[in-house]
Each structure stands twice: as structure tokens, then as C-alpha cells.
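The values are calculated or read from the model by the stated rules, or taken from the named source; none is laboratory data. As the structure is a computational prediction, the values presented were derived from the model and not from experiment. Using ideal geometry, Cβ is built from the backbone for each residue, glycine included, and neighbour counts are taken over all protein chains shown.
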Amino acid sequence: MTDTTFLGTPIPLIQAPMAGAQDARLAIAVGQAGGLGSLPAAMLDTASLERELRRLQAAGCPYNVNFFVHSPPAPDAAREARWMQALAPYYREFGLDPAHAPSGASRQPFSHEAAEVLEAFSPPVVSFHFGLPAPDLLARVKRMGSRVLSSATTVREALWLQDQGADAVIAQGLEAGGHRGHFLDKDVALQAGTALLLPSIVAALDIPVIAAGGIADAQGVRAAIARGASAVQVGTAFLLCDEARTSATHRAALQDLQAPTALTNIFTGGLARGIVNRVMREQGPVSQTAPPFPLATAGIGPLRAHAEATGVGDFSPLWSGTNRSGCRAAPAAEVVRALARGFDSV
């Protein structure tokens, strides 16, 4: 039997945090429907984080706050110059001046400043991507009484997370949309789809395991629970919801169920799964020229903004898992109810 109290919610379902496509509104809608809504915080400054946490706290239901814990790379002027040279034809096509492109990181790792904001709210759940924060930061989160989750893409990563104090592990299969959560095993050849990864991690760990990747409907939920998952995490199926902030170009791409996805580093420098578009085809989905995560974002940002202004997603990160069959333009509560049917026989 699945422990439906595991996440403090009636339904052991997590809405995956999706930076750029949502804010607290989607998380609240999922929470009010019985699941665990998530707030992506990697792109929020402390003032924005506090504002969104106030909205979540006022809603009165459990929620998850998600942070990245990557190590910011040292700037490399030569590599940045090669990246801008690769993008130069597009800048010329659009009549843009590459000298005006921004610099710096678009996503910040979890910090003591963010922890200080969190301490005023003590979120029920705090999750991390790319491992766990430094021990002193992790200890601050634990003292809040928050349950700590993090993503693993291999059994080795899952065991590391358990040893370092995670309360549960998210088994992120290769089908998952958005950024890969890998931090020890960055070679995707070492990673597997959810059907293989999930039972391997379940067998290796003594803590709960959450299935993620390719789960879009009740059938997928049932399969994950049958393979030993204590809960499931779903992202792509929520991207068309009324409460999501998904752009019009992204929404249109998601509705083409035949459009292929690929892992790419073009948009941020980190491997992430999205729907294949022009820049992925022309540059190759994985570029050896792109600066490391998250520095690639700066160069491609002006191209994305220019194209999106004309309704084109050729330079946009159209994050999506491999299975979009569960996407629906409807209130998030409907998506929660559809997924929850997968727990009915548990």
C-alpha cells in the first residue's frame, strides 16, 4: 500500500517545479486539489521568494520549495567569445547587436540568504536539484522541520543523497522534461528510463523513492507505484493548465504530440529535455561551444526575446518530457484528479 501521508497531502503526487513556466498560483491550485504543489526558486531573488512564499503560506496547504545547488562556474572569456561567434549569424539575421547581450548567470544556487527567507516560513518540503547544499545549509533546512528531497539519475547518486541526509529521493528517468538532476554521473549513457531506474533505486534505498519522468496519466501512476514508488512527480502534464505561466509559443509546441524531444545544452549550458526547434537542429542539440550551466543563457536570451515577440519559439527552451499525452488546457485540479485515479487501486 502507498503511504498517502508521506508528503502530508491526501494524494502522493508532486507537481514538478518548472522555473519560467509557473509561480505560486499553480502550486496553490495543485495543493488545493490534494497534491503537493512546488515553487521553483532558482530564478527568484530574495524579495520575490518572500512574496511567493507569503502567497503559498496564505493558501494553507502543504507545498514544496525547490532550489538548484550547482557550483557556479568561473567565467571563461574565450569560451564566451566562441559561443557568441556561433550565435553571430542569428544576431545578424535579426539585426541585433551582440555587444548588448547580457552576461552572468540566470540561475542562482541555494544560499544562506535564501535560507534566511525560508526560516520565516518553515516550508513543509524543500527539494533540491543537482545534489544537496553544503552541510551547514542543509542543517539550516533540517532545523526548520522541512522534509528534504533531491533528484537522482543513477543508483550511485541516490545512495549518496541517502547518506547525506535526504528524507526521500526523486528517481528522475531519462524521459523527464527540463534539466537533468545529475551531479555525480553526468554521462547520460549511465542513466536510464524511469521503468529501469525506479526499481533499481527502490531496491537500493531505505528511504521513500518518488518516480519522475514520462508519467502523464493514471496508467503511468499505477506503473510507478507497482515498481515501488512511494509517490510520483509530474511536470509536463501541468504546462497547459490555466494556472501555469507557460508562454503561447511553448503551449503551441506542447500540443503537437508528434514533435520530438531531445536533451540539449543550447539554452543554459546544462543538459535538459525540450521539444526540438530551429536552434537545436542547426547548432546540434548538444554543443561543445556552449558555456557551462547556467552561463549559456545570456547569449541566447536576446534571440529568444526577439523571436518570441513575433510568436516564434525557434530560440526558446520548450521544456517537455517525452510523454505529452496528459497535457490539457484545463484547471490544474482536473489534471490532479486524472492522475489521482492511478492511486485508486493502491
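Some notes on this structure:
- Pairs meeting the criteria (first residue in segment 179-196 and not assigned by TED's automatic domain parsing to the domain that holds GLY274 and of a type in the set (Phe, Trp, Tyr), second residue in a loop (DSSP other than H, G, I, E, B) and surrounded by 17 or more Cβ atoms within 10 Å (Cβ to Cβ), beta carbons under 9 Å, at least 6 apart or on different chains) are PHE183/VAL69; PHE183/HIS70; PHE183/PHE130; PHE183/GLY131; PHE183/LEU132; PHE183/THR153.
- Here PRO89 does not fit the description of being over 22 Å from ARG245 (Cβ atoms) and within 20 Å of the chain's Cα centre (by Cα).
- Test: residue in segment 143-152 that is under 17 Å from the mean Cα position of the chain (by Cα) and of a type in the set (D, E, K, R): no
- Count of residues meeting criterion [among the basic types (Lys, Arg) and either surrounded by 14 or more Cβ atoms within 10 Å (Cβ to Cβ) or in contact with a His (Cβ under 6 Å, 6 or more places away or on another chain) (or both)] in segment 329-346: 1
- Residues satisfying the stated conditions in segment 251-296, i.e. under 11 Å from GLY313 (Cβ atoms), free of Cβ contacts under 8 Å to residues at least 60 places away in the same chain and basic (Lys, Arg): ARG278
- Of all residues in segment 25-54, those being crowded, with 23+ Cβ neighbours inside 10 Å, in a helix (DSSP H, G or I) and of a type in the set (A, V, I, L, M) number 4.
- Cβ-Cβ distances below 7 Å connect the following pairs, each with a first residue in segment 105-127 that is more than 13 Å from LYS142 (Cβ to Cβ), a second residue that is of a type in the set (Asp, Glu) and surrounded by fewer than 18 Cβ atoms within 10 Å (Cβ to Cβ), and a separation of six or more residues or different chains: VAL117/GLU50.
- In segment 230-346, counting only helices (runs of 4 or more DSSP H) that sit wholly within it, the ones holding 3 or more residues that are small (Gly, Ala, Ser) span 248-254, 296-309, 332-340.
Every residue, every condition in (1) within 22 Å of PRO98 (Cα to Cα); (2) crowded, with 20+ Cβ neighbours inside 10 Å, yes or no:
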site	(1), (2)
LEU254	no, yes
ALA259	no, no
ASN265	yes, yes
GLY269	yes, yes
GLY274	no, yes
MET280	yes, yes
GLY284	yes, no
ALA296	yes, yes
ILE300	yes, yes
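- In segment 98-115, residue farthest from LEU56 (Cα to Cα) [restricted to those that are assigned to a helix (DSSP H, G or I) and under 23 Å from the mean Cα position of the chain (by Cα)]: HIS112
- Within segment 77-96, residues that are within 14 Å of ALA305 (Cα to Cα) reach partners that are not small (Gly, Ala, Ser) with beta carbons closer than 6 Å, at six or more positions or on different chains, in the pairs TYR90/LEU303; TYR91/PRO98; PHE94/HIS306; LEU96/PRO302.
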